[in-house]
Amino acid sequence: MASYDNVLVGTDGSKSSFKAVDRAARLAVDAGATLHLVSAYREMSSRERARAADQLGNDMAYKVEGATPAEGVLADAEDIAAKAGATKIRKHAIAGDPVDVLIEAVETSKADVLVVGNRGLNSLAGRLLGSVPQNVSHRAACDVLIVHTT
C-alpha cells in the first residue's frame, strides 16, 4: 500500500473544519507527509469588510482583516496541526470558490489525499446545490477523506 507524501485539508475557520484539520494532521504525521492547509476566501471591498466585522463581532474580526481574510484561519489551523504533531506544514490562502480552490490546490501541491469535513452534506442547501465535500469528491484527482465533524 502506498503512503501519502502530501496531505491537503480545507478549512474555513469553523469548529467543524478544525476537526478535519486535526484528522489531516494526524494522518500526515503517521505518513511522514507534508500537510497543506488551505483556506479559500472571497476578496471584499473595504465597505464589505467593515460591515462584516460589525456583524461578526470582535472574536471573528480576524477573518475580515489583514492582507487576506484567511490568514487568521490558517494561523489557528497551524496551531491545531502542530498540537497533533505535524511539523511539515504549508499554508495556502487562495481567493476563489472553495471547491475550485481546493481542486486547484490538490493539483499544485501534488496532494495524494484531500481531507474535508462533512458539514453541508446533510443540509437542504447541500442536497439541492451540492456541498463542498460532495463536489470535491467528484472532482479531485486524488483520494478524498470526508471526516465526520458534525
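The values are calculated or read from the model by the stated rules, or taken from the named source; none is laboratory data. Worth saying up front: this structure is predicted, and the values here are computed from it rather than measured. Positions of Cβ are generated from backbone atoms using ideal geometry, with glycine treated the same way; all protein chains shown enter the neighbour counts.
The set of residues in the stretch 92-112 being touching a Leu at 6+ places or on another chain (Cβ under 6 Å) and of a type in the set (Val, Ile, Thr) consists of Val106 alone. Select from the stretch 24-73 the residues that are among the small types (Gly, Ala, Ser) and assigned to a strand (DSSP E or B) and write down the one among them that is modelled with the lowest pLDDT. Top of the filtered list is Ala40.
Screening the stretch 2-11 for residues that are closer than 18 Å to Ala75 by Cβ and either surrounded by fewer than 18 Cβ atoms within 10 Å (Cβ to Cβ) or among the β-branched types (Val, Ile, Thr) (or both) and picking the one that is modelled with the lowest pLDDT gives Thr11. Applying the condition of being assigned to a strand (DSSP E or B) and within 12 Å of the chain's Cα centre (by Cα) to the stretch 1-23 and asking which residue is nearest to Asn135 (Cα to Cα) yields Gly10. Only one of the numbered conditions (1) modelled with pLDDT of 90 or more; (2) in a loop (DSSP other than H, G, I, E, B); (3) closer than 16 Å to Ser16 by Cα; (4) among the small types (Gly, Ala, Ser) is violated by Gly120, and that is (1).
Restricting attention to the stretch 18-41, the residues being of a type outside the set (Val, Ile, Thr) and surrounded by fewer than 24 Cβ atoms within 10 Å (Cβ to Cβ) number 11.
One line per residue, one yes/no per condition, for (1) outside any helix (DSSP H, G or I); (2) at pLDDT 95 or above:
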{"site": "Ile80", "(1), (2)": "no, yes"}
{"site": "Thr87", "(1), (2)": "yes, yes"}
{"site": "Ile94", "(1), (2)": "yes, no"}
{"site": "Val99", "(1), (2)": "no, no"}
{"site": "Val106", "(1), (2)": "no, yes"}
{"site": "Pro133", "(1), (2)": "no, no"}
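Here's the yes/no breakdown for (1) among the charged types (D, E, K, R); (2) in contact with a helix residue (DSSP H, G or I) (Cβ under 8 Å, 6 or more places away or on another chain):
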site: Glu78; (1), (2): yes, no
site: Gly85; (1), (2): no, yes
site: Ile89; (1), (2): no, yes
site: Ile94; (1), (2): no, yes
site: Asp97; (1), (2): yes, no
site: Val101; (1), (2): no, no
site: Glu104; (1), (2): yes, no
site: Lys110; (1), (2): yes, no
site: Val113; (1), (2): no, yes
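Checking each residue in the stretch 75-96 for being touching a residue at least 40 places away in the same chain (Cβ under 8 Å) and more than 22 Å from Tyr4 (Cα to Cα) picks out Asp76, Ala93, Ile94, Ala95, Gly96.
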